[in-house]
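**Q** After the C-alpha cells below, expect a handful of questions from me.
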Amino acid sequence: MHEPAGGTGPGSSRKRGAGSGGSRPGVPPSELAGLGLALGLTIAAFALGGNWLDGRLGTSPLFVLLGVFLGFGGGFWSMYSRLVPGRRNDEDPENGTP
C-alpha cells in the first residue's frame, strides 16, 4: 500500500545492510573524516603561509591564492593516494613493505 518515507521497497534507492552510511566498502567513516580534516588543515596552513608571505612582500593576494591551490593539490593527492587501491604505501610490493 503506502510505503514509509525512506523505505526499502522496490522503488527505493536505499539498500539494506549498507552498514557504514553509504561510504566506500572497506574504508571506515572515521578514516574518511580524518582525510577530510587533513585536507582542510592543509589548505588552511598553506593559505596562512601565503598570507604571511603577502604581508612581508606586499603582494596581496598572490601568495594566498597560490597557497590555497597548492594546499588543495597536495591535500587532494594525499587523500587520493590513501583511498585508491594499489596506491597505498603499505601495500606496495616494490618497496619491500608488507
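Every read-out reported here was derived from the displayed coordinates using simple, explicitly stated rules and does not represent laboratory data. Remember, it's a predicted structure, so these values are computed and weren't measured experimentally. With ideal geometry, Cβ positions are generated from the backbone for all residues, glycine too; neighbour counts draw on all protein chains shown.
**Q** Starting from the Cα gyration tensor of region 44-86, take the square roots of the eigenvalues, sort them a ≥ b ≥ c, and report rounded, prolate or oblate (rounded when a/c is under 1.5, otherwise prolate if a/b is larger than b/c, else oblate).
**A** prolate
**Q** Give me the one-decimal nm value for the distance between modelled label points at Glu31 and Trp77, 7 Å along each residue's Cα-to-Cβ direction.
**A** Simple spin-label model gives 2.2 nm for this pair.
**Q** Explain nothing, just compute: Karplus ³J(HN,Hα) = 6.51 cos²θ - 1.76 cosθ + 1.60, θ = phi - 60°, for every residue of region 54-67 in order, whole Hz, x for Gly and Pro.
**A** After applying 6.51 cos²θ - 1.76 cosθ + 1.60, I find 4, x, 6, 9, x, 10, 3, x, 3, 6, 5, 5, 4, x Hz.
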